[in-house]
């Protein structure tokens, strides 16, 4: 029986990558892997892993399934930065080449991107976070 890879939050995916857990699952000694992850969690006071599994049985089973069947990062939520509500020409555009920004419509092409992750928005300017609208909300209004 073929199982799909477990989708994990990006931060947990990155933490498991840092730990060295292969993405393809089928660990040869899963008990040792889980034990090692548990030891790491106990050593680090505020680890991503600890936050994910602490007192949450569903997430613990999800981690076990990730070790067993493999894992991948959940797609990150994408946002438009809409500076003036109702104005189709007030979306933040980021030049793919050098990160320069301009305000225009939300059309993307080989040069400009308008669908951004929250970390990218915050890296440009944390104040833009207040204007971030999930892509699905904007496109549902079309």
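The values are calculated or read from the model by the stated rules, or taken from the named source; none is laboratory data. Every value quoted in this text rests on a predicted model; they were computed, and no experiment measured them. Virtual Cβ from ideal backbone geometry, glycine too; neighbours counted across all protein chains shown.
Could you please let me know if residue 87 is over 30 Å from residue 16 (Cβ atoms), without any contact (Cβ under 8 Å) to a residue 12 or more places away in the chain and either in contact with a helix residue (DSSP H, G or I) (Cβ under 6 Å, 6 or more places away or on another chain) or surrounded by fewer than 13 Cβ atoms within 10 Å (Cβ to Cβ) (or both)?
yes
Against the condition in contact with a strand residue (DSSP E or B) (Cβ under 9 Å, 6 or more places away or on another chain), at negative phi and not assigned by TED's automatic domain parsing to the domain that holds residue 131, how does residue 92 come out, does it pass?
no
So, in the stretch 92-110, of the ones that are part of a strand (DSSP E or B) and touching a helix residue (DSSP H, G or I) at 6+ places or on another chain (Cβ under 9 Å), which residue ends up surrounded by the fewest Cβ atoms within 10 Å (Cβ to Cβ)?
101
Among the residues of the stretch 29-48, are any in a helix (DSSP H, G or I) and either within 20 Å of the chain's Cα centre (by Cα) or closer than 21 Å to residue 138 by Cα (or both)?
yes
Being in a helix (DSSP H, G or I) and surrounded by fewer than 13 Cβ atoms within 10 Å (Cβ to Cβ) is the filter here, so list the residues in the stretch 61-84 that pass it.
61
Given the condition closer than 26 Å to residue 14 by Cβ and touching a strand residue (DSSP E or B) at 6+ places or on another chain (Cβ under 7 Å), answer yes or no: does some residue in the stretch 38-57 qualify?
Within the stretch 38-57, none of the residues are closer than 26 Å to residue 14 by Cβ and touching a strand residue (DSSP E or B) at 6+ places or on another chain (Cβ under 7 Å).
Taking the stretch 111-127 as the search range and keeping residues that are in a loop (DSSP other than H, G, I, E, B) and within 23 Å of the chain's Cα centre (by Cα), which one is farthest from residue 141 (Cα to Cα)?
125
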